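Following: one structure in structure tokens, then a few remarks.
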Amino acid sequence: MIKALLMDFNGVIIDDEPLQMKAYQEVLKEEGIELTEEGYYACLGMNDEVFIRTIFERAGKEIDETKIPELIEAKTEKWREQVDKQIPLFDGVDDFIKRMENDFTLGLVSMARRPEIDYVLEKTGLKDSFSTIISAEDVTTTKPNPECYREGFRRVDLVRTSQGLSPITRRQCVVIEDAPQGIIAGKKVRLKALGVTNTVEAERLREVGADAVTDNLNDWFPDSFKQVFS
């Protein structure tokens with residue numbers, strides 16, 4: 001029986017991939033780089049540092065390592081300016097999270113920076129719903145490397161045992177992802193995976209191993225996970 005859910009952040013909880021892309025387009029334009037939509041979405045699953053290195057490399061430009069933090073901060077500032085107007089949560093995802101937290105131990109696993117995650121969760125009142133948060137600062141690699149989900153599973157298991165609950169097996173934990181890179185990372189750790197078609201088509205999510213696919217998380221209830229994944 002399913003006992004824990006590990007959710008991605010960008011593209012699953014917050015509909016901000018277009019905002020992240022726009023912020024990066026503005027920052028990189030000042031560096032003489034035109035970031036296309038195709039170029040941005042080809043890098044899903046990367047953290048900011050790897051993303052910047054990759055984009056500069058693809059543009060045939062060298063990057064001063066000391067400038068990377070500056071570019072990241074500039075991107076975050078532009079992102080926050082857009083998000084401040086209205087935090088673009090996916091429709092019904094807040095209700096979904098509140099329903100799930102009563103039956104499952106929830107964790108968040110993202111390649112976003114912790115300040116961006118905390119900002120959104122605090123603004124929306126969702127921070128206390130998650131027992132643990134894995135962000136870009138907590139791992140040394142990016143999706144599709146499984147390190148993030150291996151650590152996420154370890155931490156939710158520790159939370160449960162610290163509360164006097166029984167340890168969980170990997171088959172009792174479901175990853176919720178919108179990107180192929182995230183599905184691959186979760187499956188490498190032998191976790192179940194639910195793909196959400198917020199970013200790519202269902203067929204692609206199934207191709208990389210999603211055990212089930214949905215168009216809307218708000219259609220799911222605790223019993224849905226127990227029936228589909230148990």
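Descriptive notes on the structure:
- Here's how it looks for L89: its modeled amide H is under 5 Å from those of D15, which are all 5 or more places away or on a different chain.
- Couplings 3J(HN,Hα) of the stretch 53-68, computed from phi: 4, 5, 5, 5, 4, 5, 8, x, 10, 8, 10, 6, 3, 6, 8, 4 Hz, in residue order, whole Hz [Karplus 6.51 cos²θ - 1.76 cosθ + 1.60, θ = phi - 60°; x for Gly and Pro].
- Footprinting exposure proxy for Y41, Y119 (fewest neighbouring C-beta atoms within 10 Å first): Y41, Y119
- Förster radius 25 Å - calculated FRET efficiency between D103 and D138 (Cβ-Cβ, nearest 0.05): 0.45
- Build a GNM of the chain with springs between Cα atoms under 10 Å apart, and of E62, E73, E31 the one that fluctuates most is E62.
- The stretch 60-212 - percent relative contact order, Cα under 8 Å, separation 6 or more: 15
- Cut-off 19 Å (backbone N to label point 7 Å along Cα→Cβ of E31), residues of the stretch 69-86: 69-80
- Coupling constants for the stretch 223-230 follow from the phi torsions by the Karplus curve (6.51 cos²θ - 1.76 cosθ + 1.60, θ = phi - 60°), and in residue order they are 5, 4, 5, 5, 6, 7, 9, 7 Hz; glycine and proline get x.
- Short-range pairs are left out: with C-alpha atoms under 8 Å and at least six residues apart, the relative contact order of the stretch 17-85 is 42 percent.
- Those lysines that a straight Cα-Cα span of less than 25 Å connects to K22, excepting residues fewer than 8 apart in one chain: K61, K67, K75, K78, K85, K123, K143
- Cα long-axis angle, helix 17-29 against the chain (0 to 90 degrees, to the nearest 10): 20
- Rule-of-thumb Rg ratio for the stretch 17-85 [Cα; 2.2 N^0.38 Å; N residues]: 1.02
- Charge dipole of the stretch 17-85 about the Cα centre (unit charges at C-beta), most positive-ward option of A42, A74, A59: A42
- Three semi-axes of the equivalent ellipsoid, the chain, Cα gyration tensor, whole Å, largest first: 30, 18, 17
- Of all beta bridges that DSSP places with both ends in the chain, some 5 percent have antiparallel geometry.
Just so you know, all these numbers are worked out from the coordinates, no wet-lab data involved. Quick caveat: nothing in here was measured; it's all calculated off a predicted structure. Note that we place each Cβ from the backbone using ideal geometry, even for glycine, and neighbour counts take in every protein chain shown.
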